[in-house]
Every structure is written in C-alpha cells, then in structure tokens.
Amino acid sequence: MIRRFILLLCVLLGQQLHAQPGAIGNTTIDKKLTAKLEAALAGFHGQVGVYVRNLKTDRVATVNADSLYPTASMIKVPIMCGIFDKIDKGEVKFDQELIYRDSLKYDNGIVGSFRDSTKIALPKVVHLMISQSDNTGSLWLQAMAGGGATINQWLEKNGFANIRVNSRTPGRKEFQARYGWGQTTPREMAELVAMIRNGKAINASVSERMYRYLGMQFWDGEAISQIPSNVKIAAKSGAVNQAKSEVLVVHAPHGDYVFCIATKNQQDQTWQKQNEGYVLIRKVSEIIWNHFEPKSKWKPVEGSDRFWF
C-alpha cells in the first residue's frame, strides 16, 4: 500500500523511480551528441525524451531520458519477456497450438480477424505481436504470461523500476489513465532491448530467440527508414494519438548502438507520415546514425518514402 502511494505520488509530480538495470555498466557522457539532440528537440510541440548508448564505448547521450512516457506498443517487448519467462520455466510450451476464441478479440488486427476456434501456433502469435504489433495477440500473450502483475514482477526483479504494464493489471488504473497500456523511461526501454541483445534477458538461448523476433519489423517508416537497409536492426515502435515512440539496436559498422525516443502530450495528433512526432523520430535517427558513422554517405533513396509504414 505504501509503495503504491509512493508510485502514485511520483506520477502526480511528473517524476519516476530511478534504478540502474543490470545490463548497464559505467558510462560516460557524449557531449557532442547530446548537444545535437537538444537542438533537434527544441521547439517540439509536446514533450520528448531520448536515450542513446553506444554499446561499444558505453558513451551515452540523454535528453529527458528518465522521465515517464507512454510505451504504446513498445510494451510488447516486456510482454514478450513475460511469455518467454513462462516458457523457460516450463509453464508454457513454446511449440504448442493455441485455439482462438471470439472472447479474446480486442480489435480488427490479424488475430482479431480470426474465426472462433481457429488454431494457431504460439510462436506465430509472438511473431505477430512483435512484427505486426497485433493488439489482440499481445493481450492474449499478456494473459498467458500471468498478466501484467507477473510481467511487472519480472521487470522489477531485473532492475527496471519504471517500465510497467498498466492495462488489465490490478492496482494500476491511475497509471493507465495517464500513460495507457504501459509506461517507461527512454533509458529503461533502451536498456531492456540491450539486455536482450546481450543475451542477459532470462538466458542466452531465450534472448537470442526474442532478438530474432525484434529483427523482423513490418513498421519501418520512422527510425528504421533513416538507416541503410543492409544494416541489421532490432526494434519495436509504438503510437497512440498523443504519443509516438521507438526503440532499436543498430548494428552499425563502427559499433552497435541502442536508442529510444518517446513523446507525449503532442499537439499534432494526426496519423500521417508528416506527424510531428514521426518527423522527429526520423530526424533523431538520422542524427544518431551520422554521429556514429560520420563517413557514411548513405541517404534514403529518393521516393522511398512512398513505401514507409
């Protein structure tokens, strides 16, 4: 009860609990990159936070990286960790066949369009959750993982004090009203994906499987669009009316880097390619790529924006 009161007080004050996930070591500040990001974010009509870490040098750049933001569909990364934790413990079978029921329907995505009694293998539901960001499938997996409370316990156990599942989670109605399905800081979401990349989430074999899922993205019109197509990327994006976000690891030629950008309270609530949040995400991704790869002459091919999703 006391902890819940403290958490609510932090939210009302616009603050968050600070914690250092186990994946992070000692870091130093990249002042040049920080300055570039601050300039890019200036004038944004809303609130925005960015966290960047070069995984080779452990140099970081941050702007409002420890403030809380809605995760939108980025919450599906913790949900994936939750279901794989159950699989690793033998409580859920990875290769089991599931039966879809109409009672599971949340929206008209792929899974939500199934007929009642449709059979589908669990790995396919995970794939749809991550690559297509399927909401019905994600809520199905959230329940199978033991619900939001169980996933939140896993997050807390692994050093993440700020990433939380709110939707369909007892005791988190206040947080859901403010942040929606989930909440995070840019720092923690980036470091969760970095933990998976480093083989430290649950164990090496589970992390490898989850990382492969993160490498199969259909929605690639924002941050991913500003990185050469022959560069491996693991990512997850999210969007609701007032918030846009994305987290990704980029296997750049001169060293991997991870970054997360998140917005909230956007004035621009359109769902067009030129939404101010989407434009900012692309701009930030371009800045970070050019900072770490200054000799790269790559630019998005003219006309490629026709195919951005």
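The values are calculated or read from the model by the stated rules, or taken from the named source; none is laboratory data. Bear in mind the structure is a predicted one, so any value in this text is a computation, not a measurement. Glycine also receives a Cβ, built like all others from the backbone with ideal geometry; neighbour counts cover every protein chain displayed.
Here is how the numbers come out for the structure above:
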item	result
Hits in region 114-138 - residues which are of a type in the set (A, V, I, L, M, F, W, C) and under 18 Å from L214 (Cα atoms)	L122, V125, V126, L128, M129, I130
V165 being among the aliphatic types (A, V, I, L, M), in contact with a helix residue (DSSP H, G or I) (Cβ under 8 Å, 6 or more places away or on another chain), touching a residue at least 60 places away in the same chain (Cβ under 8 Å) and under 18 Å from M189 (Cα atoms)	yes
Matching entry among H45, H127 (being surrounded by fewer than 16 Cβ atoms within 10 Å (Cβ to Cβ), out of contact with any Cys (no Cβ under 6 Å at 6 or more places or on another chain) and touching a residue at least 40 places away in the same chain (Cβ under 8 Å))	H45
Residue in region 62-80 that is surrounded by the fewest Cβ atoms within 10 Å (Cβ to Cβ), counting only those that are closer than 25 Å to G199 by Cβ and of a type outside the set (S, T, N, Q)	A65
Search result, residues across region 81-106 that are surrounded by fewer than 12 Cβ atoms within 10 Å (Cβ to Cβ) and farther than 25 Å from V193 by Cα	Q96, E97, I99, D102, S103
Leading residue by the ranking (nearest to F259 (Cα to Cα)) among those in region 163-185 that are in contact with a Phe, Trp or Tyr (Cβ under 8 Å, 6 or more places away or on another chain) and crowded, with 24+ Cβ neighbours inside 10 Å	T185
Counted residues, region 228-278 - those being of a type in the set (A, V, I, L, M), in a loop (DSSP other than H, G, I, E, B) and surrounded by fewer than 19 Cβ atoms within 10 Å (Cβ to Cβ)	1
L139 within 20 Å of K236 (Cα to Cα), in contact with an Asp or Glu (Cβ under 9 Å, 6 or more places away or on another chain) and either of a type in the set (F, W, Y) or modelled with pLDDT of 95 or more (or both)	no
Selection count, region 204-225, where residues are in contact (Cβ under 8 Å) with a residue 12 or more places away in the chain, of a type in the set (D, E) and out of contact with any Ser or Thr (no Cβ under 7 Å at 6 or more places or on another chain)	1
Any hit, region 239-246, residues being within 21 Å of A35 (Cα to Cα) and touching a Leu at 6+ places or on another chain (Cβ under 8 Å)	no
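Here's the yes/no breakdown for (1) surrounded by 15 or more Cβ atoms within 10 Å (Cβ to Cβ); (2) part of a strand (DSSP E or B); (3) β-branched (V, I, T); (4) at pLDDT below 95:
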| position | (1), (2), (3), (4) |
| --- | --- |
| G112 | yes, no, no, no |
| R115 | no, no, no, no |
| I120 | yes, yes, yes, no |
| L155 | yes, no, no, no |
| A161 | yes, no, no, no |
| R187 | yes, no, no, no |
